[in-house]
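Report on the structure given below.
Only the coordinates and a few stated rules stand behind these numbers; no lab work does. What you are looking at is a predicted structure, and each value in this text was computed from that prediction instead of being measured. FYI the Cβ positions are ideal-geometry reconstructions off the backbone, even for glycines, and counts take in every protein chain you see.
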Amino acid sequence: MEARAYLKYARIAPRKVQIVLDLIRNKPVDIAMAILKHTPKAACEPLEKLLKSAAANAENNHNMDKNNLYVAECFVCPGPILKRIRPRAQGRAFRVLKRTSHVTMVLKEKE
């Protein structure tokens, strides 16, 4: 049995999210939450919200025990890229790519 939660179109680059996901993979939910709370990265805030959502899904939809949950899988996929233009010298334009992320988190119960 597993509980999933998705975060789509997060306005943060996937490679920045990946760094934080590597810290919490295969950790119990309470430890993962503590890591997210005390890591000074921009990705931590939306990921903390996602972890709370996945835990609530597990508890309410799948009747799993909150104390035995751990982060079984967590991965990020690139979402659509917003293309913006930045003015440069001599009338030229410079392309700025604002990347988005789709994050998936799967919680399972320890046997």
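Here are some notes:
- With K and R counted +1 and D and E -1, the other residues having a Cβ less than 10 Å from that of Gly79 yield a net charge of +3.
- Rounded to the nearest 10 degrees, the angle from helix 44-61 to the longest Cα principal axis of the chain is 40 degrees.
- Helix-only mean residue ellipticity at 222 nm for the chain, each DSSP H run of n ≥ 4 adding -39500 (n - 2.57), per residue, nearest 500: -11000 deg cm²/dmol
- Cross-link table Lys41/Lys108; Lys41/Lys83; Lys41/Lys98; Lys8/Lys83, entries beyond 21 Å C-alpha to C-alpha: Lys41/Lys108; Lys41/Lys83
- Residues listed by number, the stretch 2-42, amide nitrogen under 19 Å from Asp65 label point at 7 Å toward C-beta: 2-3, 27-32
- FRET E, pair Ile19, Glu73, Förster distance 22 Å, beta-carbon r, rounded to 0.05: 0.85
- Efficiency of FRET between Lys49 and Ala89 - r from beta-carbon atoms, R0 41 angstrom, step 0.05: 0.50
- Tilt relative to the chain, helix 29-38 - C-alpha long axis, 0 to 90 degrees, to 10: 30
- Lys37 versus Leu97: modelled label distance in nm, points set 7 Å from Cα along the beta carbon direction: 3.7
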